[in-house]
Structures are given as C-alpha cells and as structure tokens.
C-alpha cells in the first residue's frame, strides 16, 4: 500500500513536470511569434511562475515519491542500473535547467517587465528566447529518456 502511494506520487509528478515543460515551451513560442510586447510580457510572467511552481515543486515531489518507493521496495538507488541511469538523466536535465534556462528566463522576465507597456522588445530578449527554446528542448530530451529507462528497466 505504501509503495503504491509513493509510486503514484512519483508518476503523477513526472507527468506534471513533463507536461509543464512541453506546454510552457509551446505557449512561449506561440506568444513570441505574435511579436506583441504586451502578450509576450504576460506569457513570460506566467512561464516563469509555472516553471517555478511545477518544475521546482514537481522535482521535490518526484524525488519524495521515487525515493520513497525505492525505500519501501528495498531497492538500492545507486547500484540498480535503471535507477542509476534514471537519476543521472534527471540530474543532467536539472543541470541544463539551472545552469542555462533559469538565467535566460530571469533575464527575459526582467526585460519583459520593461516592455510590458508596449515598448520595443530589445534584441537581447530575442537572443535569450532562442537560447531558452534550444536548451529547453535539450533539457526535455533526458527527461523523456528517463521515463523510458524507468518504465522499461533495462539491465
């Protein structure tokens, strides 16, 4: 019963994290394509908010659910190959998120507050927007692979 609870928490939050990552990427791309400073500023504010709520909150709950299930199931997270690979892939994604995406997102959010009134969007915003998209996709890929590894449990 306790194992099922931890596993359900883990799976629910994996779905929320991946869903947030993909939807946020699509939503931001759609807003940026309009070129409308007010709409882009609104989207950027919500992208930042949902990223912190669902990404940070999701990672915490994913870890609690995953490590709880590992503990109850009597598995070793550091010697079981599929658990080790799953953790490594999530850490890789997290490093990309923390090292590249968050700084670019913070810069974009600061700039968006300035052009929210309809001012011209500076070229530096567009540079960070492209960077955020490219590295955002790069950060999603290891998460998708981690889901596969954790589901298939290869030797």
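The values are calculated or read from the model by the stated rules, or taken from the named source; none is laboratory data. It should be emphasised that the depicted structure is a prediction, and the values quoted were computed from it without experimental measurement. Cβ placement follows ideal geometry from the backbone for every residue including glycine, while neighbour counts extend to all protein chains displayed.
Some observations on this one:
- In the stretch 73-80, the count of residues that are under 24 Å from residue 132 (Cα atoms) and assigned to a helix (DSSP H, G or I) is zero.
- Residue in the stretch 60-72 that is modelled with pLDDT of 95 or more, surrounded by fewer than 17 Cβ atoms within 10 Å (Cβ to Cβ), more than 24 Å from residue 141 (Cα to Cα) and touching a helix residue (DSSP H, G or I) at 6+ places or on another chain (Cβ under 6 Å) present: yes
- The residues on offer are 29, 25, 2, 39, and the sole one that is more than 30 Å from residue 119 (Cα to Cα) and touching a helix residue (DSSP H, G or I) at 6+ places or on another chain (Cβ under 8 Å) is 2.
- Residue in the stretch 37-49 that is assigned to a helix (DSSP H, G or I), touching a residue at least 60 places away in the same chain (Cβ under 8 Å), surrounded by fewer than 14 Cβ atoms within 10 Å (Cβ to Cβ) and over 14 Å from the mean Cα position of the chain (by Cα) present: no
- Index of the failed condition, residue 58 passing every other in (1) without any contact (Cβ under 8 Å) to a residue 40 or more places away in the chain; (2) in a helix (DSSP H, G or I): (1)
- Exactly one residue out of 143, 53, 91, 101 is touching a residue at least 60 places away in the same chain (Cβ under 8 Å), touching a helix residue (DSSP H, G or I) at 6+ places or on another chain (Cβ under 9 Å) and closer than 20 Å to residue 21 by Cα, and it is 143.
- Of all residues in the stretch 111-129, those satisfying the criterion of being assigned to a helix (DSSP H, G or I) and either in contact with a helix residue (DSSP H, G or I) (Cβ under 9 Å, 6 or more places away or on another chain) or surrounded by 13 or more Cβ atoms within 10 Å (Cβ to Cβ) (or both) are 111, 112, 113, 114, 115, 124, 125, 126, 127, 128, 129.
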